[in-house]
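Each remark here refers to the structure printed beneath this line.
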Amino acid sequence: MSEWMSQLALFDYFVRGGPWMWVLLACSIIALAVMLYKTFDLWWAGRGASALVEEVSKLAAEGENEAARQRCARSPAAVSQVLQAVLATAGSARQAVQDAATSAGARQLASLESGLPALSTIASVAPLIGFLGTVSGMIRAFTAIAASGLGEPGVVAGGIGEALITTASGLVVAIPCYIAYSFFVARVNGLALGIELGSAQLVSLLSKGDDNEA
């Protein structure tokens, strides 16, 4: 019974917030979907990355480039795509190998960052939507005052309540989005560094002949 009453109170709170609450609800649903997607996506992209780099480097050092490519193809780690690009250019000039690594790394970074602009936008826009609801509620309150004076406190309180509810709701949506965005950006940066170091290790290994000739 108490749970049902709590749900009813929450729905009443939502309704009292006015039409802008529906916009905030849509923002929260999109943000939640992005958070769940990026949590899995970034976990999958980093799965076994360090072990893969070491194994592929060992195979490449032994001249087993085909085995190294097959090992990369079986890995879900984002660095595997970059390592495959480097292995595909094995035997080429160092600059060509480096260019292949840079190009593949840029593509992987773009993939890792997908979804983050939406989360950042919601974190920035949600408080503004809440503020817009605040303005809407205050307009409603002052309109009620102009129409009936201060003799109808309930009407005035409804507008002020709408203003405060939308302000609070905008912050409730924005704060978790901002925290999640910061966490995901840090995670992407960590993965990007791992990709850069792993590809550099393999580039250096496959380009030893070029260095020695220089």
Mind giving me the nanometre distance, one decimal, between the label points for residue 113 and residue 66, set 7 Å out from Cα along Cα→Cβ? 3.9 nm
Across the alpha-carbon set of the range 2-207, Rg over Rh with Rh taken as the Kirkwood radius works out to 1.29
Counting only Cα, what are the radius of gyration and maximum Cα-Cα distance Dmax of the range 47-143, in Å? 23.7, 80
Compute the semi-axes of the equivalent ellipsoid of the range 4-88, taking the square root of 5 times each eigenvalue of the Cα gyration tensor, and list them largest first in whole Å. 51, 12, 7
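Read-outs: derived from the displayed coordinates by stated rules, not from any lab. Because the structure is a prediction, the values reported are computed rather than measured. Note: ideal-geometry Cβ built from the backbone for every residue, glycine included; neighbour counts use all protein chains shown.
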